[in-house]
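Presented below is the structure to which this report refers.
The values are calculated or read from the model by the stated rules, or taken from the named source; none is laboratory data. All values reported here derive from a predicted model rather than from experimental measurement. Note that we place each Cβ from the backbone using ideal geometry, even for glycine, and neighbour counts take in every protein chain shown. Only protein heavy atoms, including side chains, enter the accessible area calculation; ligands, DNA and RNA are left aside. Shrake-Rupley method; radii C 1.70, N 1.55, O 1.52, S 1.80 Å.
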Amino acid sequence: GRVAHAYLFCGTRGVGKTTSARILAKALNCVNGPTPSPCGTCSSCREIAAGSSMDVVEIDGASNRGIDDIRTLRETVNYASMSGRYRVFIIDEVHMVTTPAFNALLKTLEEPPPNVVFIFATTEAARIPQTILSRCQRYDFRRIPLQEIQSRLQELCKTEGISADVESLFLIARKAEGSMRDSLSLLDQVMSFCQNDITLAKVQSILGLVGQEVFERLLSSLVAKDPSACLKIIDDVLASGYDIAEFTSELGEQIRCLMLAKIPGMLSA
């Protein structure tokens with residue numbers, strides 16, 4: 001019975017902020033709600049899932065960032081809900097909204113109609129004015145652990161009847177950097193080329209990643225203090241068309257893993 005009038009979901013891309021906002025909208029408007037466990041089968045839950053609910057409005061903050069857009073939103077806020085208990089306004093990428101537009105929204109956040117709930121989603125909370133932040137309940141979304149992403153990719157491959165080795169899915173999960181959405185996009189890209197047989201070599205080729213053996217040769221040359229061999233390896237990497245920024249980033253990751261491996265108890269990091 002304690003529903004806030006404004007929520008702020010913060011976190012990196014692809015960790016479920018907008019999806020969670022829709023789930024919260026279901027929880028508020030479910031026939032059994034407000035409830036932490038929306039049924040998913042009532043008309044309200046089904047309409048929200050299908051994106052056809054008149055009581056849940058999703059707005060792209062990057063495309064509707066001006067003061068005129070917010071004025072239109074303020075006028076819409078005063079309308080009564082159609083069938084649900086609450087009118088829910090989900091504003092994605094809210095940090096893109098201009099300062100004058102935020103100022104126009106401030107009065108509505110201070111004194112919103114009792115049946116209105118705002119849910120803001122952003123990847124850059126630091127860009128949101130403090131006056132807005134102070135009127136929201138803030139929830140920070142963490143990056144999704146690599147093991148969970150890999151496990152989800154394995155489930156999807158099994159469901160789709162696709163053969164994929166553990167190493168290739170681990171690499172895709174690692175390149176996603178904590179974003180489930182990015183991992184699914186990478187997997188979809190790989191699947192379009194590999195069809196039903198995903199291997200590590202194919203993933204490296206499709207994503208333009210240098211093979212592990214190249215880093216091993218480079219690090220061995222560094223240990224041996226052989227600059228000519230190091231330069232030859234780097235020249236080969238450039239000649240092969242690999243992204244040098246991606247290469248140096250991966251090299252730094254390789255060195256980091258080696259340093260962690262020398263620390264007792266840190267091998268799993």
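Structure above, values below:
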quantity	calculated
Translational D in µm²/s for segment 1-155 (Stokes-Einstein at 20 °C, 1.002 mPa s, Kirkwood Rh from C-alpha pairs)	133
Of all accessible heavy-atom area on segment 134-214, the percent that carbon and sulfur account for (1.4 Å)	49
Accessible surface of segment 1-41 [probe 1.4 Å, protein heavy atoms]: carbon and sulfur percent	51
Helix 99-110 axis, angle to the chain major axis (alpha carbon atoms, nearest 10°)	50
Solvent-accessible area per residue for segment 129-269 (1.4 angstrom probe, square angstrom)	63
Charge tally in the Cβ shell below 13 Å around L219, where Lys, Arg are +1 and Asp, Glu are -1, L219 excluded	-2
Whole-percent carbon and sulfur share, accessible surface of segment 42-93, 1.4 Å	45
Of every Cα-Cα pair in the chain, the percent that sits beyond 30 Å	48
Ratio Rg/Rh, restricted to segment 53-138 and using Cα atoms, in which Rh is the Kirkwood radius	0.93
